[in-house]
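A short worksheet on the structure shown next.
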Amino acid sequence: MRKSIFTTLFLLLSITITQAQSKKDLIQEVDNLRTRVREAETGLSESKREERIASAKVESYEAQVDELKETNANLLKNLNSFTEASNKRSDHINSTLESLVKKEAQLRVINDELSARDSITLAVFTQFKQTLGNDPKITVSNGAVAVVMDNSYIFGENTKNFKVQDKAEAIIAKIGSVLKANPTMEIQIVSNSNLVESKDNKSNNWEIGTQQAAAIARILESKYQIEPKRIVATGISELGLYSIETSTEIVVQPKFYEFYKLVKESMK
């Protein structure tokens, strides 16, 4: 009987100890689970924090990307505007250069023509000097050669006379030879007479000057075969030439009309 009691007590004690041990293990396991839960919650919180940080970074990157896109679009727009302006400027420069080249070519034509005319004028001046010597007076001015002779030498002391004296025809013959050798030159004969005393001095002097210039023109045409269309005979009154009160001036120059026509054509 006693043995059964001890046995029963032992079993009870064993069961109690076993239960106590199991409870302790359960408690320990619960604690372990709680620890793992806390760690999981901590990890979850950390993950959420990192997720928020990552989301913030993504939003920041997206904003930067949008800003870069906008900046790039503006740069492309500015580049296109600059390219367009540059092209227009380049076209303008090219147009200006073409215009300058054209103007330079036009000026070269005019300058070459002026140089050629100056060369011709100088050649005619040299021919007159070689042919006539120092008397009569020979000058070069504004692209023209002028031979100036005293009317008393050409027409005599009578200021109303318009017949050329024999001694003057020798000079006119030399002038005619130079004019004939230069058929492209225009000729203007200007004679003035201001010594006639009358009630209407100017009218008489105009007429006498014109008749004297025409007399020289007729000699050049008839005796030295100078084309009359090259000659202009003009009389002036008290508008004396140089320092000689009554004189005749034979002006020789390249054809102005042809030069004007050349300039007009080259400027088109």
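How many residues are of a type in the set (A, V, I, L, M), part of a strand (DSSP E or B) and surrounded by fewer than 20 Cβ atoms within 10 Å (Cβ to Cβ) when one looks only at segment 145-184?
The qualifying residues number 1.
Answer with yes or no whether Val124 is outside any helix (DSSP H, G or I), closer than 19 Å to Lys180 by Cα and either in contact with a helix residue (DSSP H, G or I) (Cβ under 9 Å, 6 or more places away or on another chain) or at pLDDT 80 or above (or both).
Here the answer is no, as Val124 does not meet what is asked.
The values are calculated or read from the model by the stated rules, or taken from the named source; none is laboratory data. If you're wondering where the values come from, they're calculated on a predicted model, not measured in any experiment. All Cβ positions, glycine included, derive from the backbone under ideal geometry; neighbour counts span all protein chains shown.
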